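Read through the structure below, which is laid out as structure tokens, and then see the notes.
The values are calculated or read from the model by the stated rules, or taken from the named source; none is laboratory data. All of these numbers come straight from a predicted model, not from anything done at the bench. Positions of Cβ are backbone-derived with ideal geometry, glycine not excepted, and every protein chain shown enters the neighbour counts. To get the accessible areas, we keep the full protein, side chains included, count just its heavy atoms, and leave off ligands, DNA and RNA. Shrake-Rupley method; radii C 1.70, N 1.55, O 1.52, S 1.80 Å.
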Amino acid sequence: MTTDIECLKWNTTSFKPSNVLDHTEYTLALKPSHWLNLKTKGHSMKLSYLGLTQRLASLDNLNNLYVYDWSKADLKTIKTKYEHNSKLTSLTSNSLGNKIVTCSDNGKIQIWNHKLSSWKILAEFRGHYQCVRNVQYSVDNNYLISCSNDKTFKIWDCQSNKFLASNMFHRNWVNIAKFFKEDKLVVSCSRDSYVQVFDCCSGKCVAKFNLSPDFAESLSLKEEFSIAVGTNQGSVQIFDLRALKVLQKYNEHTSQVNCVQFQHKTPCLVSVSKDKKLNVYDTNEGRFLYSIDHFNEIRSMNISLDDKLLATTSFHFENEITLWTTETL
């Protein structure tokens, strides 16, 4: 398949040698330090730092939503129970940290405001006819992308609260989809074993990667054309959008990878799995760095936008979120 994709010509790569780590303030190349434990009623399913604020949003398996705020001396928790006859499946926030979006198994997507110690639904999108598995904001916060068991991902306008587009190229559940390259592309992963890249202008698939017989459960994107996926069978793979091939593959996990995420300003990649391990890799040198064992399956983790904090589930207990502080070199 050709790599002559117009939007790729607008950017140049910025790969950095590993010695750049010497000038990086916060990095996961060194093991992080345990800092704070946050309690939940149920098992935490999804975590999301709220922009550059000192707050974290969480969703547990009992349909409870939380926002933890440690900006002042006393930890503050804003909590609400989702009382509808459906189960929330995922949660995310915009880069400003002032809006939270949830999705559910009945096909609904809802935008929440959590100011003044309370939760309020601001908008609701309906268009999927099966469970919505994941939802993500665009870089500019103007759009949402949702993916579903109905084999589609859909794009929504957050300004007009209207449906914009739907994609039906996948042949099985779409596990996750994200905007890429300044929102010009969308990368999606499905249980049909394909990772596909779509041009938002033309609506066409411009690249695809086949993971068969495996498939991707999680996805993270880096501005230097890198696509990282965590798979059902436990591998972590990094693709290059220009070369259209796998550049790195790690097999340190022994079970499904629930989440992968690039650190924002360093070449570190983090993965968490059903095997109760958090693994960190140096993607510049292509090597595994270290593991941190947890009490039980790690269902979610998140790295703050400033790279200073890492949040994980199930470090000591099932109903607990652990915050880690990253180290400086």
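Key figures for this structure:
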| read-out | value |
| --- | --- |
| All positions within the range 191-214 that are of a type outside the set (A, V, I, L, M, F, W, C), open to solvent by less than 70 Å² (accessible area, probe 1.4 Å) and part of a loop (DSSP other than H, G, I, E, B) | ASP192, SER193, SER202, GLY203, ASP214 |
| Scope the range 102-114; condition out of contact with any Cys (no Cβ under 9 Å at 6 or more places or on another chain) and in a strand (DSSP E or B); matching residues | THR102, LYS108, TRP112, ASN113 |
| Residue pairs meeting the criteria (Cβ under 6 Å; at least 6 apart or on separate chains; first open to solvent by 70 Å² or more (accessible area, probe 1.4 Å), in the range 159-182; second of a type in the set (Val, Ile, Thr)) | LEU164/ILE155; MET168/THR152 |
| Check on SER188, part of a strand (DSSP E or B), at pLDDT 95 or above, closer than 17 Å to ALA207 by Cβ and out of contact with any helix residue (DSSP H, G or I) (no Cβ under 9 Å at 6 or more places or on another chain) | yes |
| Tally of residues being under 24 Å from ASN64 (Cα atoms), among the aliphatic types (A, V, I, L, M) and touching a Gly at 6+ places or on another chain (Cβ under 8 Å) across the range 113-169 | 1 |
| Single residue of the range 274-301 satisfying the filter (among the aliphatic types (A, V, I, L, M) and in a strand (DSSP E or B)) that is farthest from SER90 (Cα to Cα) | LEU289 |
| Residue match in the range 111-122 (condition: more than 18 Å from LEU219 (Cα to Cα), of a type in the set (D, E, K, R) and out of contact with any helix residue (DSSP H, G or I) (no Cβ under 9 Å at 6 or more places or on another chain)) | yes |
| Index of the failed condition, LYS99 passing every other in (1) open to solvent by 60 Å² or more (accessible area, probe 1.4 Å); (2) over 21 Å from PHE179 (Cβ atoms) | (2) |
| Candidate set: the range 64-87, residues that are assigned to a strand (DSSP E or B) and open to solvent by 10 Å² or more (accessible area, probe 1.4 Å); chosen: the one nearest to LEU323 (Cα to Cα) | ASP69 |
| The range 61-86 residues that are over 15 Å from ILE121 (Cβ atoms) and polar (S, T, N, Q), paired with ones that are part of a strand (DSSP E or B) and open to solvent by 80 Å² or more (accessible area, probe 1.4 Å) (beta carbon under 7 Å, 6 or more apart) | ASN64/LYS79; ASN64/LYS81 |
| Counted residues, the range 128-148 - those being open to solvent by 10 Å² or more (accessible area, probe 1.4 Å), outside any strand (DSSP E or B) and at negative phi | 7 |
| Of the criteria (1) open to solvent by 60 Å² or more (accessible area, probe 1.4 Å); (2) within 26 Å of GLY51 (Cα to Cα), which one PHE317 fails | (2) |
